[in-house]
Amino acid sequence: MISSFGQVISNIRKHGGTYAEVHNPSYVYPPVEYYPLAAPNPEVSVLKAALMDMDGTTTTTEVLCVHSLEMMMRRMSGRMTREDWKGIDHDQDLQHIIGNSTTKHVEYLLEKYADLIVEAEATRSFITAACETFWYGNDDTRKAEVMQNIKKLGVAPMIDDMCSGTGIENIISKYAGQIRDIDFAMLTGMGIDIYYATYHRILAQLKAGKANEVKEEVTVFTGLTGKLIAPMPGISLLIPLIKGWLGAEAAQFAEGLFREYAEKTGTTLDDEQKPVIRKKLADLGKAFEESPVKVGLVTSSIAFEADIVIREVLKEMTDTIAQSGLSSHRKDAIMHAYEDYQRVYDAFVTATDSSEIRLKPHRDLYSIALHRIGVMPADFDKVIGFEDSQSGTVAIRAAGIGCCVAVPFAQTALHNLEAATHVLHGGIPQAIVEYGLFARNATSGK
């Protein structure tokens with residue numbers, strides 16, 4: 001339906017609340033869209049569903065994404081060592097390359113470091129990435145997007161050569177000179193393909209059990225220590241707790257919660273507070289056992305990426321349960337559920353379910369999750385959303401969820417989180433310890 005300007009203004013006045021200004025990728029019309037945001041909801045009366053982001057909220061994979069983005073810039077500039085280029089400025093850049101769509105991340109880096117790009121290096125790296133994706137990639141959607149990009153660049157016959165098994169150097173020699181007049185949109189598409197080729201290679205190595213090789217590569221540039229993929233603080237408790245799998249035995253996880261709370265907030269609970277929190281955990285466990293919460297994971301990663309990451313995280317969470325003192329029937333049931341994330345998540349929504357141009361901060365992924373879980377708009381006030389980034393918090397509110405909890409970590413601490421209803425730098429542990437997950441029914445005993 002076509003509306004007049006007056007009708008649009010009338011509808012805006014009816015909403016009466018705040019709006020989010022969302023900037024689309026450079027190749028999308030219109031350049032800007034406006035979303036009415038759900039009214040802030042400080043707590044839910046009855047918690048029916050919880051939706052949460054993956055990278056940075058559920059898992060610790062952001063460092064791999066940042067490394068892959070930096071390697072994209074290195075390949076497009078030919079500056080492959082720290083002596084050639086010190087790399088991404090973590091203080092200034094991380095807030096722009098975490099939590100949004102891959103397109104927006106790539107656009108930001110290409111604009112900021114435009115002077116570094118060497119067209120010949122970018123073209124050579126794109127052709128290499130295209131061949132690697134076409135020959136070794138595990139995601140059909142990615143392969144289709146690479147072929148589409150090849151056609152956009154005017155070198156469609158290259159696909160036939162890739163199909164015939166022509167070597168990369170021969171393909172580069174034949175087609176690199178044919179990719180000319182590269183504008184920003186074309187450069188962005190090339191950068192996206194180079195990024196994904198790197199990230200997917202890393203994930204494939206992790207899946208094949210080559211974590212040490214990946215860590216060695218990433219450490220050269222990031223200095224990363226510890227596990228590459230692991231649950232974020234509080235997640236190993238949050239998931240089985242709200243699914244109703246722990247019951248009163250949730251109190252057994254109190255010591256781990258105290259430790260994570262202290263690490264995240266810098267505050268140590270005293271001997272008077274600890275018994276109160278243990279009882280709160282037991283009460284929460286009993287409340288959620290009586291009324292289990294539906295859980296949805298919502299990520300701007302594509303399905304291939306999310307599948308590998310969540311399986312790795314569930315392995316870690318399985319170890320936590322195996323080493324716990326839970327009664328055998330609970331332990332066996334939870335470990336069985338962790339064998340397949342479809343038993344854990346009532347909705348598992350990835351970028352593959354939508355499109356690169358409709359990812360966060362657009363509401364689409366969260367709207368899909370609400371639909372799959374079966375929560376209708378009348379009950380959106382009974383849903384809580386957890387996100388670590390600016391675009392994620394906007395997407396939650398734009399999808400109609402008023403109880404939006406921001407749980408930023410080191411790499412998103414500088415994000416503008418004004419769309420969030422609560423901002424907890426202590427993350428999930430703080431949400432449990434101080435607020436009982438903002439669920440009135442769980443903390444009141446009703």
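The values are calculated or read from the model by the stated rules, or taken from the named source; none is laboratory data. Please read all numbers here as calculations on a predicted model, not as lab measurements. Cβ sites come from the backbone with ideal geometry, for glycine too, and all protein chains shown count toward neighbours. These area figures cover heavy atoms from the full protein model, side chains too; ligands, DNA and RNA do not enter into them. Shrake-Rupley method; radii C 1.70, N 1.55, O 1.52, S 1.80 Å.
When you look at Ile12, is it hydrophobic (A, V, I, L, M, F, W, C), open to solvent by 10 Å² or more (accessible area, probe 1.4 Å), more than 18 Å from Gln390 (Cβ to Cβ) and out of contact with any strand residue (DSSP E or B) (no Cβ under 8 Å at 6 or more places or on another chain), yes or no?
Working: hydrophobic (A, V, I, L, M, F, W, C): yes; open to solvent by 10 Å² or more (accessible area, probe 1.4 Å): yes; more than 18 Å from Gln390 (Cβ to Cβ): yes; out of contact with any strand residue (DSSP E or B) (no Cβ under 8 Å at 6 or more places or on another chain): no.
Answer is no for this residue.
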Item to check | Number of the condition not met by Tyr195 [criteria: (1) modelled with pLDDT of 95 or more; (2) surrounded by 15 or more Cβ atoms within 10 Å (Cβ to Cβ); (3) over 13 Å from Ala122 (Cβ atoms)] | outcome: (3)
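Can you tell me which residue among Ile308, Ile235, Ile239 is buried (at least 20 other Cβ atoms within 10 Å of the Cβ) and over 22 Å from Gly426 (Cβ atoms)?
Working: Ile235 fails: over 22 Å from Gly426 (Cβ atoms); Ile239 fails: over 22 Å from Gly426 (Cβ atoms).
So the residue among Ile308, Ile235, Ile239 that is buried (at least 20 other Cβ atoms within 10 Å of the Cβ) and over 22 Å from Gly426 (Cβ atoms) is Ile308.
Are any residues in segment 75-86 modelled with pLDDT of 90 or more, surrounded by fewer than 22 Cβ atoms within 10 Å (Cβ to Cβ) and among the charged types (D, E, K, R), and if so, which ones?
Applying the first criterion (modelled with pLDDT of 90 or more) to segment 75-86 yields 75-81, 83-86.
Subsequent filtering for residues that are surrounded by fewer than 22 Cβ atoms within 10 Å (Cβ to Cβ) retains 77-81, 83-86.
Selection gives Arg79, Glu83, Asp84, Lys86.
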Checklist entry - List, please: which pairs have Cβ atoms under 8 Å, are six or more places apart or on different chains, and start with a residue in segment 152-166 that is without any contact (Cβ under 8 Å) to a residue 12 or more places away in the chain and open to solvent by less than 20 Å² (accessible area, probe 1.4 Å) and end with one that is of a type in the set (Phe, Trp, Tyr) and assigned to a helix (DSSP H, G or I)? => result none
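Can you say whether Ser125 is crowded, with 23+ Cβ neighbours inside 10 Å and of a type in the set (S, T, N, Q), as far as the supplied structure shows? Walk me through how you get there before you give the answer.
On the way: crowded, with 23+ Cβ neighbours inside 10 Å: yes; of a type in the set (S, T, N, Q): yes.
So Ser125 passes the test.
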Item to check | Selection count, segment 409-446, where residues are modelled with pLDDT of 95 or more and either under 23 Å from Phe253 (Cβ atoms) or in contact with a Leu (Cβ under 8 Å, 6 or more places away or on another chain) (or both) | outcome: 18
Checklist entry - Out of segment 418-446, which residues are open to solvent by 20 Å² or more (accessible area, probe 1.4 Å), within 20 Å of the chain's Cα centre (by Cα) and free of Cβ contacts under 8 Å to residues at least 40 places away in the same chain? => result Glu418, Val423
Checklist entry - Would it be correct to say that Ser101 is among the polar types (S, T, N, Q), modelled with pLDDT of 95 or more and within 30 Å of Asp183 (Cβ to Cβ)? => result no
Checklist outcome for this item: With criteria (1) assigned to a helix (DSSP H, G or I); (2) closer than 23 Å to Lys143 by Cα; (3) open to solvent by 10 Å² or more (accessible area, probe 1.4 Å), Ile182 comes up short on (1)
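Can you give me the number of residues within segment 267-302 that are open to solvent by 40 Å² or more (accessible area, probe 1.4 Å) and hydrophobic (A, V, I, L, M, F, W, C)? Lay out the reasoning, then the answer.
Residues of segment 267-302 open to solvent by 40 Å² or more (accessible area, probe 1.4 Å): 267-268, 270-276, 278-280, 283, 286, 289-292, 294.
Remaining after also requiring hydrophobic (A, V, I, L, M, F, W, C): 276.
Of the residues in segment 267-302, 1 are open to solvent by 40 Å² or more (accessible area, probe 1.4 Å) and hydrophobic (A, V, I, L, M, F, W, C).
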Checklist entry - How many of the residues making up segment 36-51 are part of a strand (DSSP E or B) and more than 13 Å from Gly385 (Cβ to Cβ)? => result 1
Checklist entry - Somewhere in segment 87-109, is a residue more than 30 Å from Leu417 (Cα to Cα), part of a helix (DSSP H, G or I) and open to solvent by 20 Å² or more (accessible area, probe 1.4 Å)? => result no
Checklist entry - Which fully enclosed helices (runs of 4 or more DSSP H) of segment 321-417 have 2 or more residues being open to solvent by 40 Å² or more (accessible area, probe 1.4 Å) and more than 23 Å from Gly436 (Cα to Cα)? => result 328-337, 364-373
Checklist entry - Cβ-Cβ below 7 Å, separation at least six or inter-chain, first residue in segment 188-212 and farther than 17 Å from Leu110 by Cβ and assigned to a helix (DSSP H, G or I), second among the β-branched types (Val, Ile, Thr) and open to solvent by 10 Å² or more (accessible area, probe 1.4 Å): which pairs? => result Leu206/Ile229
Checklist entry - Does at least one position in segment 268-288 carry a residue that is within 30 Å of Thr102 (Cα to Cα) and among the β-branched types (Val, Ile, Thr)? => result no
